[in-house]
C-alpha cells in the first residue's frame, strides 16, 4: 500500500507552508520596524524635529484639500510612511493648513513662506479662498511669500497669486482654462447592451440621471450650469486680478487671443505667463534655490536653503500647552463643530463619508453634552440618500428643542441632501463660491431582462401578489413604475415643504427656485436660501452669539477611534515623527512631474471619469431608493 500523500495534497501543503512562512516574515518585519522606530524615539530625546532659527516654511501640499480626512488604518499609514510609499489618494486637512499659516505668522523663526504646490490636486474655490485669507493675513506681519514651481494648475495658481513673488521654471507650464462641467453619457451604450434604465425624478434641472437617459446635456442643465460656473469663474478672476494688479479681462478666454499671445511669446508657456503678468520671474530650480539661500541661509547639509516642510512644522509646534509652557485657560462653555463631509449614505459610515446613523450619533453627543451650548454643522456634501438626510435633520431639530442653537456652515458644496440637512439650522452661512441648492429628488433602477434574453436566460415564476419576487432580471411593470414615481413626488414635496417652513417662504416660492437647480452661495443669499456669506469662523461666532456666550471654546466632535487604533496610535505617535524627520528631500525643489502632474494622461482621465460616475451609483443604499444628489457639483 502506498502511504505517500497524493500529489494534490503535497502541492497544497507546500503552498500552505509558503504562506505561513511569508506571514511570519511580514509580522516579524512589522515588529522590528516598530521596535527600531520606538528605540529611535527613546534614544533621540523628546525634540527630534526642530524649527531652524531663521528658515523658510514650505507649504508643500500633496493631494486633495478636504474638510475631513478619510479613515485610514494607523498601522497602514505608519508602514507606508516608513517605507516611503506614496499614498494612493493623499488628503490634506484644510484646518491644518490654516493653523500652520497662523502659527508661522507669529513665529520669529519663520522668515518667509514658500508655496511649493506641485502636488496640490483638488481643493475647490471655497477652500482656496479660506487658505488665501490666511496667506494674506500672514503677509500682514511683514513677512514675504514666494511661490515657485515647474507648473501651476488653476487651483495652484489661485494660491500662488497671494505671493509677493511668483517664480516659474523657464520650461514650465501654466494655462488658466476656466471652469467647465463635462461628463460622459451612456444612453446609447446601455441601449446596445439592452439594459433598460428606469428613471423617476422631480425637478426640471435635476440632471443627476441625465447620463443614463441622454447622450448629451439637456438645455435646462446647460442653462443652470452656465450660471453658477460663470459666477465662480468671475470670483476667481476678480480675486486673482486684484492681487496681481491687472484687469479681469487678462484671462484670455478667447482662443484666438490666446494663440496670438502664445505665438508672440515664442510658443513658450512660461514666457506667455510672464508676458501676461501671471508670474514675476522665470528661474531654473538652481536659481530658485540660490535666491532662497540668499534670503534664509543654507540648511545644515549646505546643499539647499534652510527650510521646514509644513508636516514637520506641525510636529515641531504641536503641543497641548500654550506659548508660555503652561496650560492655557479652557472655557467650560463649548461651541461644538461637527463635520459632515462627503456623499450622504444610509447607516454607519467612516469619516470622509456622511452616514445617516453615524452623523446622527455625533449630533446626539453634542445634545447630551452639558458643556456644549451651541453647534456648528460644517457641511461639505453634494447630497445622497434622502432617508439618511432626514435622519440627520431630525437630530438637528432635537438640538434646537434642547435649547442649543445650530448654525450650518457650508463649504465647497452643500447641495441636495447637503442642503436638506442644513435647512433646519437657526442660521445658514455659505461662502460666495459655495455650490448649493439643487433642491430636487430622483430614483433610478436598471433591469436586465433584455440583456439576459439575448444570452438565452429568462426569469419566470409565480407569486401571491403583483409585486412578489420582483427583481432586476424582470420587466418593470407600469404599476410598479407608477408606485416609484409617486414615492419620488412625495419626497420632493417633503423637501420643498421642509425648506419653506425653515426659510419663511411659501411652498410656491421654494418650488420656483428649486426644481433641482444649482446656485452659487452668492446667488443663494439673494434668493433667501442662506442667511449670510462667511466662513467657518463667522459661523462659530454666530453660534456663540445665538447662545449668548461671551467666553467659550470650540469642541470638535468626531467619531471615536477603536481601542485597537488608539493603542496603535499611542505606540506610533512619536515613532511616526522620527520616520517623518528622517525622510529626505522634503522641500528642496525636487519636483516629480511624472507623479505630481496637475494634468493626468488622457487614458487615466477617461478611466477616472467612468469610475467616478459608476462608483457613485454603486454606493447608493437609500432604503426607499430616493436620492437628493447634485452630480453636477464639481467644476474643472
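Mind listing just one residue for me: the one in region 500-517 that is crowded, with 19+ Cβ neighbours inside 10 Å and part of a loop (DSSP other than H, G, I, E, B) and, of those, modelled with the highest pLDDT?
514
Taking residue 422 as meeting all but one of (1) modelled with pLDDT of 95 or more; (2) within 22 Å of residue 442 (Cβ to Cβ); (3) touching a helix residue (DSSP H, G or I) at 6+ places or on another chain (Cβ under 8 Å), write down the number of the exception.
(3)
Any chance you could count how many residues in region 278-317 are touching a strand residue (DSSP E or B) at 6+ places or on another chain (Cβ under 6 Å) and without any contact (Cβ under 8 Å) to a residue 60 or more places away in the chain?
Here the count works out to 1.
In region 89-120, how many residues are in contact with a helix residue (DSSP H, G or I) (Cβ under 8 Å, 6 or more places away or on another chain) and in a loop (DSSP other than H, G, I, E, B)?
The number of residues fulfilling the criteria is 4.
Picking from 120, 59, which residue would you name as being under 21 Å from residue 341 (Cβ atoms), modelled with pLDDT of 60 or more and crowded, with 19+ Cβ neighbours inside 10 Å? Step through it out loud before you land on a result.
On the way: 59 fails: under 21 Å from residue 341 (Cβ atoms).
On inspection, the qualifying residue turns out to be 120.
Please work out which residue is nearest to the chain's Cα centre (by Cα), limiting yourself to region 189-222 and to residues that are loosely packed, with under 15 Cβ neighbours inside 10 Å and part of a helix (DSSP H, G or I).
Looking at residues that are loosely packed, with under 15 Cβ neighbours inside 10 Å and part of a helix (DSSP H, G or I), I get 222.
Might you let me know whether region 376-386 holds any residue that is surrounded by fewer than 19 Cβ atoms within 10 Å (Cβ to Cβ), at pLDDT below 95 and at negative phi?
Within region 376-386, the subset surrounded by fewer than 19 Cβ atoms within 10 Å (Cβ to Cβ) is none.
Looking through region 376-386, none of the residues is surrounded by fewer than 19 Cβ atoms within 10 Å (Cβ to Cβ), at pLDDT below 95 and at negative phi.
For the list (1) surrounded by 24 or more Cβ atoms within 10 Å (Cβ to Cβ); (2) under 22 Å from residue 227 (Cβ atoms), I need the number of the one condition that residue 408 fails.
(2)
Among the strands (runs of 3 or more DSSP E) lying completely within region 377-491, list those that include at least 2 residues that are under 30 Å from residue 537 (Cβ atoms) and within 24 Å of the chain's Cα centre (by Cα).
Values: elements: 383-385, 406-415, 427-430, 435-437, 441-447.
Passing ranges, in order: 383-385, 406-415, 427-430, 435-437.
Before we move on, is residue 443 under 25 Å from residue 489 (Cα atoms) and surrounded by 24 or more Cβ atoms within 10 Å (Cβ to Cβ)?
On the way: under 25 Å from residue 489 (Cα atoms): yes; surrounded by 24 or more Cβ atoms within 10 Å (Cβ to Cβ): no.
So residue 443 fails the test.
Which numbered condition in (1) assigned to a loop (DSSP other than H, G, I, E, B); (2) within 22 Å of the chain's Cα centre (by Cα); (3) at pLDDT 95 or above is the only one that residue 350 fails?
In the conditions (1) assigned to a loop (DSSP other than H, G, I, E, B); (2) within 22 Å of the chain's Cα centre (by Cα); (3) at pLDDT 95 or above, residue 350 misses (3) alone.
Restricting the search to region 266-296, which residues are outside any helix (DSSP H, G or I) and crowded, with 16+ Cβ neighbours inside 10 Å? Break it down stepwise before answering.
From region 266-296, those outside any helix (DSSP H, G or I) are 266-268, 276-284; that's our starting set.
Listed by number, the residues that qualify are 268, 276, 278, 279, 280, 282, 283.
Do we find a residue being buried (at least 21 other Cβ atoms within 10 Å of the Cβ), outside any helix (DSSP H, G or I) and touching a residue at least 40 places away in the same chain (Cβ under 8 Å) anywhere in region 125-140?
no
Any chance region 325-334 includes a residue that's farther than 21 Å from residue 554 by Cβ, assigned to a strand (DSSP E or B) and at pLDDT 90 or above? Show your work before the answer.
So the first thing to find is which residues in region 325-334 are farther than 21 Å from residue 554 by Cβ, and the list is 325.
From what is left, the residues that are assigned to a strand (DSSP E or B) are none.
There is no residue in region 325-334 that is farther than 21 Å from residue 554 by Cβ, assigned to a strand (DSSP E or B) and at pLDDT 90 or above.
Among the listed residues 254, 225, which satisfies the condition of being modelled with pLDDT under 95, surrounded by 19 or more Cβ atoms within 10 Å (Cβ to Cβ) and out of contact with any helix residue (DSSP H, G or I) (no Cβ under 8 Å at 6 or more places or on another chain)?
Details: 254 fails: surrounded by 19 or more Cβ atoms within 10 Å (Cβ to Cβ).
Of the residues listed, the single one that is modelled with pLDDT under 95, surrounded by 19 or more Cβ atoms within 10 Å (Cβ to Cβ) and out of contact with any helix residue (DSSP H, G or I) (no Cβ under 8 Å at 6 or more places or on another chain) is 225.
The values are calculated or read from the model by the stated rules, or taken from the named source; none is laboratory data. Quick caveat, the model's predicted, so the values are computed rather than measured. For neighbour counting, all protein chains shown are included, and Cβ atoms are generated from backbone atoms with ideal geometry for every residue, glycine included.
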